[in-house]
Amino acid sequence: MSQIVFDNVTCQFKNKTKGVDSIDFTIHQGQFVFIVGPSGAGKTTILRLLLKEYTPSKGKIFVEEEEISKKRVSKEKIRRKIGSSFQDVKLLEDRTVEENIAVAMEIIGQKPQEIKENITKILKLVGLKNKKDLFPSQLSGGEIQRVGLARAVAGDPSIIFADEPTANLDSETSWKIVSLLKDINRSGKTVIVATHNKDIYDSMG
Ligand code: ADP
């Protein structure tokens with residue numbers, strides 16, 4: 001099934017800059033997709049369009065057959081389908097790793113019992129079980145990216161969009177993040193990774 005479709009999409013800002021210009025692509029369910037280009041190419045714009053933070057000035061965007069660029073589709077509905085992690089993962093500094101992930105679950109309306117069950121699974125998936133009681137200031141860059149990805153998968157969305165998940169990480173840590181993204185993909189989710197790092201997608205063949 002085609003899960004995400006961009007049909008001739010342009011996003012022009014008030015200052016006339018175009019974030020993206022007449023782009024078309026289709027992403028199918030279960031795919032692992034890289035969006036690659038230098039800084040300023042439009043990768044984050046694609047994510048913000050998908051999350052309805054930006055509105056296309058031209059063209060149509062479909063997620064699971066529904067045209068999300070229409071007004072009546074709510075941001076909340078989209079966020080249940082697309083879990084996202086931005087390059088600068090912003091964590092609550094006064095909360096632990098576990099609490100930061102729990103907050104993401106609370107926001108989407110999960111019940112305390114549900115949160116308790118899911119959090120153990122997610123901490124294991126992202127490899128942070130032993131770090132769950134640490135605060136953000138006690139984490140490495142790679143671990144912060146893991147918390148970002150944990151929050152992205154917290155609501156069990158069908159699509160994960162990771163924007164520059166390996167920025168500022170050394171190559172070994174980057175590789176581990178890509179390996180985690182592969183695990184997330186294997187668990188049945190479509191994974192989209194925006195990156196300017198050619199080594200990352202070359203290494204994936
Ligand atoms: P990337 O993520 O590939 O680095 P972006 O999507 O952030 O690229 O940016 C694409 C282009 O759109 C850049 O020229 C950027 O300056 C511009 N842009 C992005 N967001 C805005 C905005 N809110 N207002 C004006 N210009 C923007």
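Each value in this text was obtained by applying a stated rule to the coordinates, not by laboratory testing. Being a predicted model, the structure only gives us computed values, none of them experimental. Here the Cβ is made from the backbone with ideal geometry for all residues, glycine too, and neighbour counts use every protein chain on show.
Averaging 1/r over every pair of different alpha carbons in region 60-128 and inverting the result gives a Kirkwood radius of 14.1 Å. In region 1-96, Cα pairs under 8 Å separated by at least six residues give a relative contact order of 29 percent.
Once Rg and the Kirkwood radius are both taken over the C-alpha atoms of region 28-156, their ratio Rg/Rh works out to 1.00.
Cα-based radius of gyration for region 150-205, normalised by 2.2 N^0.38 Å, reads 1.09. Secondary-structure-derived ellipticity at 222 nm for the chain, considering helices only, amounts to -11000 deg cm²/dmol, per-run term -39500 (n - 2.57) for DSSP H runs with n ≥ 4. Over the C-alpha trace of region 87-205, radius of gyration and Dmax come out as 13.8, 42 angstrom. DSSP beta bridges fully contained in the chain are about 50 percent antiparallel.
Summing charges over all other residues whose Cβ lies under 11 Å from the Cβ of M1, with Lys and Arg as +1 and Asp and Glu as -1, gives -2.
Note on N15 and D156: their simple-model spin labels are 4.3 nm apart, each label 7 Å out from Cα toward Cβ. Paramagnetic label reach from Q29 (point 7 Å along Cα→Cβ; backbone nitrogen cut-off under 19 Å): within region 140-162, residues 155-161. A simple count of charges around F135, restricted to other residues whose Cβ falls under 15 Å of its Cβ and scoring Lys, Arg +1 and Asp, Glu -1, yields -1.
For the chain, averaging the sequence separation of C-alpha pairs within contact (under 8 Å, six or more residues apart) and dividing by the residue count gives a relative contact order of 25 percent. For region 85-205, averaging the sequence separation of C-alpha pairs within contact (under 8 Å, six or more residues apart) and dividing by the residue count gives a relative contact order of 30 percent. What the Kirkwood sum gives for region 1-62 is a hydrodynamic radius of 12.0 Å, with every pair of different alpha carbons counted.
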